[in-house]
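> Have a look at this one before I ask anything.
The numbers here are math on the coordinates, done by the rules we state, and not lab data. None of the values given here were measured: they were computed from a predicted structure. As a convention, Cβ positions derive from the backbone with ideal geometry for all residues, glycine included, and neighbour counts pool all protein chains shown.
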Amino acid sequence: MPSLARLRTPALVVALVGLHAVARAPMACCLGRAVPAARADHLRVVSWNLRNFPGDHDQDRMRERLDALDPQVLALQEVLQPAALEALRPGWRWHASVHGGSHGPQRLVLGWDPAAVEVEDVREHASLSMGGRVRPALSGYVRARHGGPDFHLVVVHLKATRAGHEVRRQQWPQLAAVVAERRADGPAGEDDVLVLGDFNAAGGPQITADEERAALATALAPAGLQPWDIVHGCTAYWEGRRRDSFWEPSRIDLVFGGDLHEVSRREAWPGAHCVRHACGPIEATEHHPEPDLHHMSDHCPIVVDLPAVDDDP
């Protein structure tokens with residue numbers, strides 16, 4: 001007859017496994033609870049750096065993530081083959097930048113559901129490309145169908161890495177000029193603007209990431225732009241300085257708004273692995289991958305909801 005100790009051992013193992021599963025469950029279930037469900041009385045814009053899409057991405061997984069988020073407008077970065085986006089949102093309209101810097105090219109793309117919105121006057125802004133070395137900006141005028149917000153939308157992908165900090169500083173006033181241009185050339189009295197994308201605000205040799213974000217906000221303030229809060233505090237992951245199996249969170253994708261008076265809470269929500277891991281470190285390797293991180297993008301989709309009202313006279 002087995003001893004009492006032997007009988008207890010399997011039970012203890014089962015109990016510990018159960019506790020581990022319970023402890024991990026909140027991380028696995030948080031996407032639906034952390035990102036607010038899409039609402040009929042809001043217009044949803046999602047910014048997402050797709051890490052050289054389509055590459056070897058799990059497009060079925062990406063489509064599931066987008067289905068869950070249910071955006072009406074997409075502002076995308078690092079798209080190598082814009083035609084491949086059709087598989088993610090069939091029936092949508094797309095406009096890609098012609099240029100994308102010296103790597104790829106990594107194009108910027110605006111996509112939209114034509115049943116929900118119109119996007120007019122799409123422009124590519126070469127002034128941010130610094131002579132073609134980096135990406136331009138892409139902008140358009142978004143008009144909600146059936147009533148709702150009308151606004152200028154600008155998507156950016158600024159120079160990467162800490163070593164690129166000085167180039168980014170040169171791009172900031174160019175971005176402010178783009179916002180001024182959109183407002184000057186747009187419909188009379190339409191100053192509402194949303195600026196988002198990968199700002200690569202990683203700091204520099206003599207400046208921290210927090211200091212860079214503060215300097216960026218100061219540089220864009222004269223254009224009437226205010227930074228929005230990033231819920232949970234991260235938007236992407238990188239391999240970290242140790243280059244071991246732990247990926248570290250960062251906040252390099254940002255959102256700025258101007259004259260969007262209908263918005264009472266200026267906040268943006270990261271999805272996917274940023275929420276699932278609560279913006280904490282992720283232990284993952286190619287042999288033991290984090291599915292969203294390894295099979296979609298190191299960046300998380302960033303969700304912005306605008307009330308379906310128009311504050312313009």
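> What value, in deg cm²/dmol to 500, does the helix sum -39500 (n - 2.57) over DSSP H runs of n ≥ 4 give at 222 nm once divided by the residues of the chain?
When only DSSP H runs of four or more count, the value is -9000 deg cm²/dmol.
> Rank G147, G233, G100 by mean-square fluctuation in a GNM of the chain with C-alpha springs under 10 angstrom and give only the top-ranked residue.
G147
> Another question, if that's okay. If you count, for each residue, the other Cβ atoms within 10 Å and average over each peptide, how do 175-185, 265-275 line up from highest to lowest?
Ranked by mean Cβ neighbours within 10 Å, highest first: 265-275, 175-185.
> Using a ≥ b ≥ c from the Cα gyration tensor of the stretch 197-302 (square roots of the eigenvalues), is it rounded, prolate or oblate, where a/c under 1.5 gives rounded and otherwise the larger of a/b and b/c decides, a/b for prolate?
The shape class here is oblate.
> Once both axes come from the Cα atoms, what is the angle between helix 165-185 and the longest principal axis of the chain, in degrees from 0 to 90, rounded to 10?
Result, in degrees: 50.
> For the chain, give the magnitude of the charge dipole about the Cα centre (Cβ charges: +1 Lys/Arg, -1 Asp/Glu; no others), in debye to the nearest 20. Working shown, then result.
Numbers: 32 positive and 42 negative charges, 236 e Å.
Here the size comes out at about 1140 debye.
> Antiparallel DSSP bridges in the chain: what percent, to the nearest 5? Intermediate values should be presented prior to the final figure.
Working: 45 of 59 bridges.
Counting only bridges with both partners in the chain, antiparallel ones make up about 75 percent.
> Under a 10 Å cutoff between Cα atoms, tell me which one of H261, H99, H42 has the largest fluctuation in the Gaussian network model of the chain.
So, out of H261, H99, H42, the one fluctuating most is H261.
> Next question, about the same structure. Would you mind working out the magnitude of the charge dipole of the stretch 45-93 relative to its Cα centre, with +1 at each Lys and Arg C-beta and -1 at each Asp and Glu C-beta, to the nearest 20 Debye?
With Lys and Arg at +1 and Asp and Glu at -1, about 140 debye.
> Do you know the relative contact order of the stretch 128-215, to the nearest whole percent, from alpha carbon pairs under 8 angstrom that are 6+ apart?
So the answer I get is 30 percent.
> Report, in debye and to the nearest 20, how large the dipole of the stretch 105-196 comes out about its Cα centre when Lys and Arg carry +1 and Asp and Glu carry -1 on their Cβ.
Result for the stretch 105-196 is approximately 660 debye, rounded to the nearest 20.
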